[in-house]
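Working notes for the structure below.
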Amino acid sequence: MNRQQALVRGEHGAAAAPISRWRIAWLLLAGLSFAVGIVALVIPGIPTTEFILLSAFAASKSSPRFHRWLCQHRLFGPLIRNWENGGLVSRRAKLSASLALSVCLVVMALVVSHRWVVVLAALGMTAGAIWLWRRPEPQVVAAD
């Protein structure tokens, strides 16, 4: 086996596909959006869900192992699996998002001096909330 062949071998000696620029780009997007999603967990006003879903989407195109880890994650897994299985959003996620939107709007109304900015934000938040509440919810299995 020459040096070039050795470079494209996987961890178990199986032939691995050469890494394309697109795969690297998708992998970078997955990692960066995941990092922003983690930061968004502790900084109010940054949407966590969108960045985690973007990370899962990008990982599905670049790293099956990272995508599998995300889907099996205790916190992010249910969200990703629901979204990948028909764009489902749980009632709890809808309520949580609505509460976060409301809190952000109240804070903006108290802090931002330009009312047009608050009105514009309120319109955007209302549009987002309407879209969110129109998403189907996963079926809840009742215990016998």
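Conditions tested, residue by residue: (1) aromatic (Phe, Trp, Tyr); (2) at pLDDT 90 or above; (3) open to solvent by less than 80 Å² (accessible area, probe 1.4 Å).
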| position | (1), (2), (3) |
| --- | --- |
| Ser33 | no, yes, yes |
| Leu41 | no, no, no |
| Pro47 | no, no, yes |
| Leu53 | no, yes, yes |
| Phe66 | yes, yes, yes |
| Glu84 | no, yes, no |
| Gly87 | no, yes, yes |
Item to complete: Restricting attention to the range 68-78, report how many residues are of a type in the set (Phe, Trp, Tyr), at pLDDT below 95 and surrounded by fewer than 18 Cβ atoms within 10 Å (Cβ to Cβ).
Response: 0
Discussion item. Exactly one of these conditions fails for Phe57: (1) out of contact with any Cys (no Cβ under 9 Å at 6 or more places or on another chain); (2) open to solvent by less than 80 Å² (accessible area, probe 1.4 Å); (3) part of a helix (DSSP H, G or I). Give me its number.
Written reply: (2)
Discussion item. Which of the numbered conditions does Val140 fail, given that it passes all the others? Conditions: (1) of a type outside the set (D, E, K, R); (2) closer than 30 Å to Ile19 by Cα; (3) in contact with a Lys or Arg (Cβ under 9 Å, 6 or more places away or on another chain).
Written reply: (2)
Worksheet, complete the sentence: Counted residues in the range 105-134 being open to solvent by 90 Å² or more (accessible area, probe 1.4 Å) and either of a type outside the set (Val, Ile, Thr) or outside any helix (DSSP H, G or I) (or both) come to 10
Discussion item. I need a count of the residues in the range 92-104 that are open to solvent by 50 Å² or more (accessible area, probe 1.4 Å) and more than 21 Å from Ala56 (Cβ to Cβ).
Written reply: 5
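The values are calculated or read from the model by the stated rules, or taken from the named source; none is laboratory data. Keep in mind that what you see is a predicted model, and the values were worked out from it rather than measured. Methodologically, a virtual Cβ is constructed for each residue, glycine included, from the backbone with ideal geometry; neighbour enumeration extends over all protein chains shown. Ligands, DNA and RNA are excluded from the accessible area calculation, which covers all protein heavy atoms including side chains. Shrake-Rupley method; radii C 1.70, N 1.55, O 1.52, S 1.80 Å.
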